[in-house]
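Please treat every number below as a calculation from the coordinates, not as lab data. Since this is a predicted model, take the numbers as computed values, not measurements. When we count neighbours, we look across all protein chains shown, and the Cβ atoms used for this are built from the backbone with ideal geometry, even at glycine.
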Amino acid sequence: MDKPVSEEQIESILRAAMASPSAGNMQPWEFLVIRDRDILDKVPELHQYAKMTLETPIAIVVCCDTSKKVREGFWIQDCSAASQNILLAAHALGLGAVWCGIYPNEGRTKAFQDLLEMPSDVFPINIIPIGYPAEEKEPSDRYNEEKIHINKW
Ligand SMILES: Cc1cc2nc3c(=O)[nH]c(=O)nc-3n(C[C@H](O)[C@H](O)[C@H](O)COP(=O)(O)O)c2cc1C
């Protein structure tokens, strides 16, 4: 699981992230790649559901710097699209990745801003630990016809 993720793989994942759609094509995302083992080991102290960083060689924090020009109300969706592309790109490279939510949980947001020395107007949306999966898992089939509405509700 701790097998290194290469620079090429990281660039390929970030290229996929930055290819995401965004409102008005504002691309309000920023990406913080954590490869420092001490920082990765501290993450579970701030986020009890992100213990994977104890084993993964890297994690990517998807952020929005709201001091730059962003579309109010849409930047979370934009950063979420980029996050999903990170998951898909990692999977396509044979890697495993998990979206671990941070924002809008206030305590977690502040804790990660402090750990990663971010200004208070940079919001960490999530942290995505990435590594080689310990086991292969079949994707679950969650298709549910009751969730589909045609023409009118
Ligand atoms: C906004 C958001 C926050 C999430 N936070 C966590 C988390 O903190 N820890 C975690 O293990 N998974 C987290 N997940 C992943 C979900 O738990 C996961 O997608 C769901 O259980 C379905 O599992 P699957 O994606 O492996 O099929 C999060 C997903 C989203 C979209």
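Legend: ranking of residues MET52, MET18 from fewest to most surrounding C-beta atoms inside 10 Å; resulting order MET18, MET52. For region 58-68, the Karplus equation 6.51 cos²θ - 1.76 cosθ + 1.60, evaluated at θ = phi - 60°, returns couplings of 9, 8, 10, 9, 8, 10, 10, 8, 6, 7, 8 Hz by residue, with Gly and Pro reported as x.
By per-residue mean of other Cβ atoms within 10 Å, what is the highest-first order of 79-91, 102-114, 36-48?
Highest-to-lowest ranking by the protection proxy: 79-91, 102-114, 36-48.
From the alpha carbon gyration tensor of region 7-135, can you work out the equivalent ellipsoid semi-axes (sqrt of 5 times each eigenvalue) and give them in Å, largest to smallest?
In descending order the semi-axes read 22, 19, 11 Å.
Label separation (LYS3 vs ARG15): 2.2 nm, computed from points 7 Å beyond Cα along the C-beta direction. Pairs from the table (LYS110/LYS147; LYS42/LYS69; LYS68/LYS110) lying more than 29 angstrom apart at Cα are LYS110/LYS147; LYS42/LYS69. When you count the other C-beta atoms within 10 angstrom of each residue and take the mean per peptide, 143-151, 70-78 line up highest first as 70-78, 143-151. Take the Cβ atoms of GLU106 and GLN48, set R0 to 25 Å, and the FRET efficiency comes out at 0.95.
Across region 138-153, computed HN-Hα scalar couplings (Karplus, 6.51 cos²θ - 1.76 cosθ + 1.60, θ = phi - 60°) run 5, x, 6, 8, 10, 4, 9, 4, 5, 8, 9, 10, 10, 6, 9, 4 Hz from first to last residue, x flagging Gly and Pro.
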